[in-house]
1. With respect to A117, is the statement that it is aliphatic (A, V, I, L, M), out of contact with any helix residue (DSSP H, G or I) (no Cβ under 9 Å at 6 or more places or on another chain) and surrounded by fewer than 15 Cβ atoms within 10 Å (Cβ to Cβ) true?
2. Can you tell me which residue is surrounded by the fewest Cβ atoms within 10 Å (Cβ to Cβ) among those in the range 70-105 that are in a strand (DSSP E or B) and over 25 Å from the mean Cα position of the chain (by Cα)?
3. Pick from A447, A452: which is among the small types (G, A, S), in a helix (DSSP H, G or I) and closer than 22 Å to P294 by Cα?
4. Going by what's in this entry, would S427 be described as part of a helix (DSSP H, G or I) and among the polar types (S, T, N, Q)?
5. Which one is farthest from the chain's Cα centre (by Cα) among residues in the range 433-480 that are within 23 Å of R511 (Cα to Cα) and among the β-branched types (V, I, T)?
6. Does L280 satisfy the criteria of being under 23 Å from A89 (Cβ atoms) and touching a Pro at 6+ places or on another chain (Cβ under 9 Å)?
7. Which condition breaks for Y111 when tested against (1) touching a Lys or Arg at 6+ places or on another chain (Cβ under 9 Å); (2) part of a strand (DSSP E or B)?
8. Pairs needed: first member in the range 242-269, within 27 Å of G332 (Cβ to Cβ) and at pLDDT 90 or above; second member anywhere, assigned to a loop (DSSP other than H, G, I, E, B) and among the charged types (D, E, K, R); C-beta distance under 8 Å; at least 6 residues apart or different chains.
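The values are calculated or read from the model by the stated rules, or taken from the named source; none is laboratory data. Small disclaimer: the values here were computed from a predicted structure and weren't measured. Because the Cβ atoms are built from the backbone with ideal geometry, glycine has one as well, and the counts that use them run over all protein chains shown.
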Amino acid sequence: MSRVGLSVLGLVVLVGAVGILTWFRENRQMPTVPIDGPLVANHADDPRLSFETPFENVRPTVQYVGNAVCAECHHDIAKQYQQHPMGRALAPVDPHDAGVGVQFARQGYRYRVVSRAGKVFHVEERLARDGGVVAGIEREVKYALGSGTRGRAFLLERDGRVFTSPISWYKQTGQWDLAPEHPEHLHFSRPIVAGCLICHANRVEHQEGTINTYEPPVFRGEGIGCERCHGPGELHVRRHESGERVRRPDFSIVNPAHLEPKLAAAICQQCHLKGEERVLAEGRHPFDFRPGLPLEFFWTIFVRPPELRPSYRTVSQVEQMQLSRCFQGSGGMLGCTNCHDPHRQPRPDERITFYRSRCLSCHQERGCTLPAAERHRRQPDDSCMACHMPKEGSRNILHVAVTDHRILRHPDNGPDRSTRPLAPGESPLHPFAEIPEHRLRRDLGIALARIATADPQRLETLARMALERLIPATTERPDDLSAWEARAEAHRRLGQVGEAITALEYVLSKRPRSEMALTEIAELYESQGQLTLAATKWQAAIEMNPEAPSYRLGRARVLARLGRWSDALRAADQIIELEPVNPEARVLRVTCLWRLGEMSKAKEEFSRLLLLRPANEAELRRQFAERLP
C-alpha cells in the first residue's frame, strides 16, 4: 500500500474512533466506579469484601432471591428475557420437544429417544453384527442444556451427580447425533463439572472435593438469571419493600450501565471469554464472582498470543472483538451491550435492521465506502454484518465464535496462517488480564500442567515448566490443594511416580474426601504394585461416587490381581449392572469364572463378550483359546 493509501486508512480509523467516542459520551452515562491503574487485591482476601465499590450487593452476605422475585417489579423485561438465549440456556426436558422417537446408529451402537409416563429416556444399545441388540443402557434425561440456537445437549442427574448423555441435537443440520467429543467408553458416565455449568446454569452449589456432585436442588434457577448480571437482589428487594427512600443511582444492586467499561465487560466475560485454560484463583469457588467486581480476582483466563494462533476462527467472541479496530478505536469503551441487548433477542425479521442501527450509531457520518448500488447488489438487505462480521459456514463445534467479531473491513476468508515456533522456555499461554506476579506463577503452573496432558509432543517440556512454578507455589502456600493436585499431575506426566504419590497423599491428608486425588493415587499405587493400598483408595472413590463405573472397574481389576476372585466377580457384576455394554467388565467376569473353576459359565460369558464386538477381539480369542477349549 502506498503512503497516501496508509494516510487515508489512518484518517478513516481516526474518524471512526472519534465517532465511537462521541457516541459514548452522548449515549452512555459516565461511569460511577472509576478504575485507576491495574486491578489488584491481596490474594488472601475475599475480593467480595475487600474491593472498594459503592455497590453493596457484591458482598458475600447478600443473598440471591431468584428470577420470580425480580419479575414481580420488572415483569416486562422478565417476559422478554424468557425468550433470550441466555434465559433458555438450561431447562427441564419437555417431552413434546425432546426428539421422542428419534433413533440413529453410530460406531456399532444404536441410540434412541423414548418417553414413558411423561419422562424422557435416552437409550444406547450395542448391536451385534447381524443388527440384533446385545445389551443396552437406558437413562432418564432431566435437563436440556443450550437454548436451541445452535443445538442442545442433555443432562441426567442422580443423587445430585450430573452427567451428560451421549445424544445431542444440532440445529444447523437439523440432526440428532453423538455429543461433541463424547468418549465412546464413557456412555452415560461423562461427568459435568461446575466449570461447564457456569455458562448455562444460573447457579449450582458444588460439593467440595467431588467432581460432579451438587447440593440439592442441583440448579438454583434454570438458564442464566437476572442476578448473574445484576448480582444478588436481597438487599435491593428489602429496601424497596420497606418503602425506604432509595437514592439514585441505586447502589443496592448492580446496574452494568453505571460500571467502568472494564467491570461491565467482566459480566459478559464470565461466559463469552473462553480462552485456552481457565484457572480458579486460590480459595475461590466457581460461582463466587459477582457483577461489579473484576473477573480476574476470581479466574485467570489464559489465551494464546496472536502470533501463536494458527486461526482466529476458533477463539471466543471477546478475544476476537478486542482485535477489532472498533474496539481499539474506542479506547476500550466499546462493550458487548453496545451491539447486543442483554434482555431481548431481536426477531429474525428485525435482526438486520437492529444490528445495522448499532453500526450506524458510530458510522453514520462515514459509513460504507462502496457505492450504494454496488452495496445493494452484494447485499440486497443492506446488512453490515454479512460483509464485516460473516458467519463461518455450518459448524457443530461448541464454545467458539461463529460470527466473526473482529469486524474486519475486508474479511479474510483465506487459509489459516502459519505461526512462529515457541522460543526455549516460552509459555504458550498468556493471561488475558493483568494479574499479580505471585498469582501468575501459580495459575500458569496449573494451566501448563493441564495442557501438558493433551499435548504429547511437548508433554515433557510443559510438565517441567509447570513444576518450575508449582513447586515454589506449594512451598509458599502449602494449603493450596489445587496447586498440589496440578503438581502431582506434572510429576506423573514426567514419570516421577513417587513425587506424584507424595503430593496426592498430602492433598488427602488435608481433604480426605477428594475424588480426584483418590482416583489419581489409586491408579499410581496400582501401577507400582501396591495393590492393597490401591484397592482401599478405589473403594473410597466409589463411596464418593457410586455412579462411576471406571472406579468400580479399577477396584475389580486390583481385586483380581490380588487373587480375590470371588470379590472381583461381585465387583464385575456391579459394573455390568451399571453398564451392560462394558467389555472390560465382561473380560474380567470371564477370567474370574475361569479362575473359580466355573468353566461352563465362563464359556457362556465369553460368548456374550464376543457379541459386544470388543476392539481387541482377535487378542481376546487368542488369550482365552487355551483357557476355554
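1. On the way: aliphatic (A, V, I, L, M): yes; out of contact with any helix residue (DSSP H, G or I) (no Cβ under 9 Å at 6 or more places or on another chain): yes; surrounded by fewer than 15 Cβ atoms within 10 Å (Cβ to Cβ): yes.
Here the answer is yes, as A117 does meet what is asked.
2. In the first step, residues of the range 70-105 are kept if they are in a strand (DSSP E or B); the result is 90-92, 103-105.
Imposing the further condition that a residue be over 25 Å from the mean Cα position of the chain (by Cα) reduces the set to 103-105.
On the way: Q103: 14, F104: 14, A105: 12.
Step by step, filter the range 70-105, then rank; the result is A105.
3. Values: A452 fails: closer than 22 Å to P294 by Cα.
When all the criteria are applied, what remains is A447.
4. On the way: part of a helix (DSSP H, G or I): no; among the polar types (S, T, N, Q): yes.
Against the criterion (part of a helix (DSSP H, G or I) and among the polar types (S, T, N, Q)), S427 does not qualify.
5. T475
6. For L280, the condition - under 23 Å from A89 (Cβ atoms) and touching a Pro at 6+ places or on another chain (Cβ under 9 Å) - is met.
7. Failing condition for Y111: (1).
8. Close Cβ pairs (under 8 Å, with a partner that is assigned to a loop (DSSP other than H, G, I, E, B) and among the charged types (D, E, K, R)) amount to V254/R290; A257/R28.
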